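*Asks:* Quick one: structure below, then a few questions.
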Amino acid sequence: MGNRQRISYVPVEDMTEDMRREMERCAREGTPRPESSAIRAHVPAAFWFFANGWDNLFRNGICDHAIKELCRVYVSRTVKCEYCGNQRSEKGRQLGLVEGQYDDLLNFERSSTYTERQKAALSYAEAIAWRLETDDAFWDRLHAHFSEQELVELGCAIGLTLGQQSWLRLLNIEHHQVMAGTSASLAPGFETSEALQESKASADYWARA
């Protein structure tokens, strides 16, 4: 029974008009996808806390969105939130992120895939996610690449996604269960329910590593 869903989805038709509009945006644009929003909809304050915070900190803001997206997926790989880890930001794609840039996230320091600015951001995500001790060299590196305003926004975005993904991974929710029929923000190989099952059964599926 380990795969049984732990909290039910609120039916879209039971939501307020404003919430339904946000659910339609989730289905159309993703990050977040509709399922996680339908869980939060049990408590409208929780629904809007995340929807508004995510819009302000992740999809918009002053720090590079592509860097925030790499940090988001780094957290997914760290906590093994498969629901979140199998999503990709559409805005990140538009900014030039490609699938290969997600492959080395847990070994980012040794990878040639990332710029020094991206590596510094990922070291920030690493320190937050793994509760690492930091020193002057760590902070000198961050300040060399980011303003204090960017570090505040990036830290808040990493903290928000770490908390949410640490929770969502417990719930056994899956894509294509709420407002099915769109592939917005899904990683390659997860665009349909059938493709998702095939990808997750693969021997090299990332969460098996």
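The numbers here are math on the coordinates, done by the rules we state, and not lab data. This structure is a prediction, so every number in the text was calculated from the model and none was measured. Don't worry about glycine lacking a Cβ; one is built from the backbone with ideal geometry, like all the others, and counts go over all protein chains shown.
*Asks:* In 5 Å bins starting at zero, report the fraction of Cα pairs in the stretch 41-106 per bin as a rounded %.
*Replies:* 4, 16, 23, 23, 20, 9, 4, 1
*Asks:* How large is log10 I(q)/I(0) at q = 0.16, 0.21, 0.22 Å⁻¹ when the Debye formula is applied to the Cα atoms of the stretch 1-84, each weighted equally and without solvent?
*Replies:* With no solvent term, the Cα-only Debye profile gives -0.70, -1.09, -1.16.
*Asks:* Kindly count the pairs of lysines across the stretch 12-208 whose alpha carbons are less than 18 Å apart, treating pairs on different chains or eight or more residues apart as eligible.
*Replies:* Count of close lysine pairs: 4.
*Asks:* Now a separate question. Apply the Karplus curve 6.51 cos²θ - 1.76 cosθ + 1.60, θ = phi - 60°, to the phi angles in the stretch 114-120 and return the couplings in whole Hz, x for Gly and Pro.
*Replies:* Ordered by residue, 3J(HN,Hα) equals 10, 6, 5, 5, 5, 5, 4 Hz.
*Asks:* Could you give the length gained by full extension between residue 138 and residue 98, i.e. 0.36 nm per residue of separation minus their alpha carbon distance, to one decimal place? Numbers along the way, then the final one.
*Replies:* Working: separation 40, 0.36 × 40 = 14.40 nm, distance 2.77 nm.
Value of the extension gain: 11.6 nm.
*Asks:* Separate question: Roughly what percent of Cα-Cα pairs across the stretch 12-208 reach past 22 Å?
*Replies:* Of all Cα-Cα distances in the stretch 12-208, 47 percent exceed 22 Å.
*Asks:* Relative contact order for the stretch 12-208 using alpha-carbon pairs under 8 Å, separation at least 6, rounded to a whole percent? Before the final figure, lay out the partial values.
*Replies:* Numbers: 191 pairs, mean separation 60.7, N = 197.
Computed over the stretch 12-208, the figure is 31 percent.
*Asks:* Please report the net charge: other residues with Cβ closer than 14 Å to the Cβ of residue 130, K and R +1, D and E -1.
*Replies:* Summing Lys/Arg as +1 and Asp/Glu as -1 gives 0.
*Asks:* In addition: Hey, what angle do you get for helix 136-145 against the long axis of the chain, alpha-carbon based, 0 to 90 degrees rounded to 10?
*Replies:* Tilt of helix 136-145: around 70 degrees.
*Asks:* Let me check I have the definition right: for the stretch 133-209, take the eigenvalues of the Cα gyration tensor, multiply each by 5, take square roots. What are those semi-axes in whole Å, largest first?
*Replies:* One finds semi-axes of 35, 16, 13 Å for the stretch 133-209.
*Asks:* At R0 = 25 Å, how high is the FRET efficiency between residue 116 and residue 204 if r is their beta carbon distance? Nearest 0.05 is fine.
*Replies:* Taking R0 as 25 Å, the efficiency between residue 116 and residue 204 is 0.30.
*Asks:* Under a Cβ-Cβ cut-off of 11 Å, what is the net charge of the residues other than residue 196 that fall near it, where Lys and Arg count +1 and Asp and Glu count -1? Display every interim value, and only then the final one.
*Replies:* On the way: positive: 200; negative: 82, 174, 191, 194, 198.
Net charge in that neighbourhood comes out at -4.
*Asks:* Related question: Go through the cysteines of the chain and tell me which have no other cysteine Cβ under 4.7 Å away.
*Replies:* 26, 63, 71, 156
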